[in-house]
Amino acid sequence: MYQKIVCTGFIYHQGKTLIVERSLQEAFLPGYYELPGGKVDFGEDPADALKREFREEVNLNVEVIKPYKIFSYLSENGTRHTVEIVYLVHLTDDPANIQLSEDHSAYQWISENEVLNYLISDETKDSIFRGFKAAPPEMVNRYPLE
């Protein structure tokens, strides 16, 4: 049995947020969409981990604003306990720079009313809906999505 801490980030950009599809080779939730993020290394600050994970997973730089949701779950037949911290993040990069890591096979910018159109876990759906409510209107970026 072991425990890990994960940080994910909700970007509010032009009325949409970024989700990434887990590779079909992933053992946990293959093919599901999720918010970008990942594991916090031992001794690493969670906000620094989230910035690093955004660079590694989608090749974007972000500013970490604040956490707005924390939840936990068991996986691997109850042998792994994961604590996930979900942050509001501000995109400080051009969305055209997105390059996915091998852990992900696709990405989408989705609005709140498109969330139910994607294969997303219930906890992540809740995180996204809460993110749309928590994101202040001034959290916009100068870069267009398309």
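The numbers here are math on the coordinates, done by the rules we state, and not lab data. Note that the coordinates shown come from a computational prediction; the quantities given were computed from them, not determined experimentally.
Observations on the model:
- Segment PHE42-ASN59, extension gain: residue separation times 0.36 nm, minus the distance between their alpha carbons: 3.9 nm
- Mean-position separation - Cα centroids, segment 79-98 and segment 107-134, in angstrom: 13
- The HN-Hα couplings worked out from phi for segment 21-37 by the Karplus form 6.51 cos²θ - 1.76 cosθ + 1.60 (θ = phi - 60°) are 8, 5, 4, 5, 7, 5, 6, 9, 6, x, x, 7, 8, 8, 6, x, x Hz, whole numbers, x standing for Gly and Pro.
- Residue pairs exceeding 19 angstrom between C-alpha atoms, taken from LYS16/LYS133; LYS39/LYS66; LYS51/LYS125; LYS69/LYS125: LYS51/LYS125.
- Rounded if a/c under 1.5, otherwise prolate or oblate - segment 1-64, Cα gyration tensor axes: oblate
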